[in-house]
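Since the structure comes first, as structure tokens, the remarks are kept for the end.
The values are calculated or read from the model by the stated rules, or taken from the named source; none is laboratory data. What you see is a predicted model; the values in this text were computed from it and never measured. Cβ atoms come from the backbone with ideal geometry, glycine included; neighbour counts cover every protein chain shown.
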Ligand code: ZN
């Protein structure tokens with residue numbers, strides 16, 4: 001068993017007491033943290049170490065947790081650049097309709113590599129395009145996550161409300177409801193690992209109010225609860241969605257979900273930009289989580305989510321990059337600054353602190369995914385998912401507060417990333433794949449897709 005000793009770094013543990021250590025150590029035995037504290041590691045731990053990391057000048061944080069993504073969208077970046085969400089979707093559905101295993105493999109590997117280099121150790125993915133004949137695209141993504149080395153919570157997405165039935169997506173990209181439910185059950189059977197330390201867990205995720213029938217929403221919730229997996233969907237992202245819900249269901253988006261029995265502490269929702277105060281309180285009362293995606297919301301002009309109010313209501317608010325077609329950067333550490341800046345642009349300089357942004361990206365993210373017992377904090381017994389950030393260079397020099405340096409300072413690749421104690425990034429370089437090969441594969445598959453469905 002590998003025993004890793006990390007010494008000489010500042011540590012933001014994000015533990016129950018929000019402990020911060022100016023100069024401390026971490027000891028990792030196998031995939032768990034066995035010691036966290038100030039100064040050098042105890043002599044007996046140093047003696048049994050099989051790997052030593054001198055982390056002088058670095059900040060250790062829990063690995064960041066990405067709560068919302070669509071990895072396949074890495075193959076369709078740069079489309080519909082001035083579009084609203086609905087315009088953007090209508091432009092992209094006909095392109096996405098042609099994805100296959102090769103596109104998804106290249107896109108997922110590229111997206112996961114970018115997440116890893118931006119400090120992310122656990123990511124979810126919401127995959128909801130399943131062209132007939134394309135094979136098991138969820139399995140393709142899971143293989144990609146194993147290859148890059150990230151912990152993975154793929155969500156089996158679904159759409160069954162095509163344009164002819166009053167939905168937004170073309171009929172060609174929606175699936176039959178029974179086929180969806182069968183595929184969801186199979187995904188759980190094949191891939192879901194409920195055990196502590198799991199590398200792969202499945203969630204069920206019908207896509208949005210404007211692409212899914214009420215029947216599928218209800219039946220998916222029943223299936224998820226019978227199988228003890230989590231539920232995820234998009235909600236309250238735009239004014240257009242709100243109008244759609246008022247016209248079709250006679251209620252606002254959150255009330256629609258509430259009526260379907262969808263709110264609860266086993267659910268997290270992407271966006272929640274357009275919630276009023278009563279709805280924010282209802283989120284808190286039900287323990288429903290949020291995946292806040294500030295860059296995507298900005299890119300699509302969707303608005304600014306009421307994050308300070310959600311946090312005050314006790315809502316777990318994790319961060320998400322969202323799909324790379326609405327956040328071409330796709331790097332998670334950027335979302336800490338984006339969350340802070342957007343909240344402050346809306347509500348003043350005390351709206352969100354650097355430490356709150358870090359807590360959202362770690363503990364709150366773990367809570368959204370039901371992993372708060374073992375992820376999102378550097379505590380003895382937690383999984384050894386650790387990011388080391390190099391703050392000893394000109395971009396950060398002179399910022400005395402390491403957490404402020406990380407959140408306010410320039411974006412840099414993470415220096416070292418450990419997932420379950422295993423090295424994924426070292427010296428700022430991805431160690432599990434060749435970035436030049438990933439880029440070549442992504443260029444080829446993006447071009448192939450563009451040729452099939454021209455802009
Ligand atoms: Zn999304």
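Summary of computed values
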read-out: Within segment 185-281, helices (runs of 4 or more DSSP H) holding 1 or more residues that are within 16 Å of the ligand (Cβ to nearest atom) and in contact (Cβ under 8 Å) with a residue 60 or more places away in the chain; value: 239-249
read-out: Residue check, residue 117 within 30 Å of residue 426 (Cα to Cα) and surrounded by fewer than 24 Cβ atoms within 10 Å (Cβ to Cβ); value: yes
read-out: Qualifying residue in segment 89-103 (condition: under 22 Å from the mean Cα position of the chain (by Cα), away from the ligand (no atom under 16 Å from the Cβ) and buried (at least 24 other Cβ atoms within 10 Å of the Cβ)); value: yes
read-out: Residue check for residue 61: crowded, with 24+ Cβ neighbours inside 10 Å, touching a residue at least 12 places away in the same chain (Cβ under 8 Å) and closer than 25 Å to residue 220 by Cα; value: no
read-out: Meets criteria (closer than 16 Å to residue 70 by Cα and either assigned by TED's automatic domain parsing to the domain that holds residue 79 or out of contact with any strand residue (DSSP E or B) (no Cβ under 8 Å at 6 or more places or on another chain) (or both)) for residue 133; value: no
read-out: Checking residue 109 against (1) within 16 Å of the ligand (Cβ to nearest atom); (2) in contact (Cβ under 8 Å) with a residue 60 or more places away in the chain, the condition it does not meet; value: (1)
read-out: Selection within segment 166-182 - within 24 Å of residue 453 (Cβ to Cβ) and in a loop (DSSP other than H, G, I, E, B); value: 167, 168, 169, 170, 174, 175, 176
read-out: Which numbered condition residue 116 misses (of (1) touching a strand residue (DSSP E or B) at 6+ places or on another chain (Cβ under 9 Å); (2) under 20 Å from residue 190 (Cβ atoms); (3) part of a helix (DSSP H, G or I)); value: (2)
read-out: Boolean, residue 172 is more than 18 Å from residue 123 (Cβ to Cβ) and either modelled with pLDDT under 95 or buried (at least 16 other Cβ atoms within 10 Å of the Cβ) (or both); value: yes
read-out: Condition broken by residue 329, with the remaining ones in (1) under 23 Å from residue 366 (Cα atoms); (2) over 19 Å from the mean Cα position of the chain (by Cα); (3) surrounded by fewer than 24 Cβ atoms within 10 Å (Cβ to Cβ) satisfied; value: (2)
read-out: Single residue of 312, 305, 325 found to be away from the ligand (no atom under 16 Å from the Cβ) and either without any contact (Cβ under 8 Å) to a residue 40 or more places away in the chain or touching a helix residue (DSSP H, G or I) at 6+ places or on another chain (Cβ under 6 Å) (or both); value: 312
read-out: Failed item, numbered, when residue 314 is tested on (1) assigned by TED's automatic domain parsing to the domain that holds residue 272; (2) closer than 23 Å to residue 19 by Cβ; (3) part of a helix (DSSP H, G or I); value: (3)
read-out: Conditions (1) buried (at least 23 other Cβ atoms within 10 Å of the Cβ); (2) touching a residue at least 60 places away in the same chain (Cβ under 8 Å); number of the one not met by residue 16; value: (1)
read-out: Matching residues in segment 353-373 - criterion: being touching a helix residue (DSSP H, G or I) at 6+ places or on another chain (Cβ under 8 Å) and either without any contact (Cβ under 8 Å) to a residue 40 or more places away in the chain or surrounded by fewer than 22 Cβ atoms within 10 Å (Cβ to Cβ) (or both); value: 353, 354, 355, 356, 372
read-out: Helices (runs of 4 or more DSSP H) wholly inside segment 317-389 containing at least 2 residues that are out of contact with any strand residue (DSSP E or B) (no Cβ under 7 Å at 6 or more places or on another chain); value: 332-347, 354-359
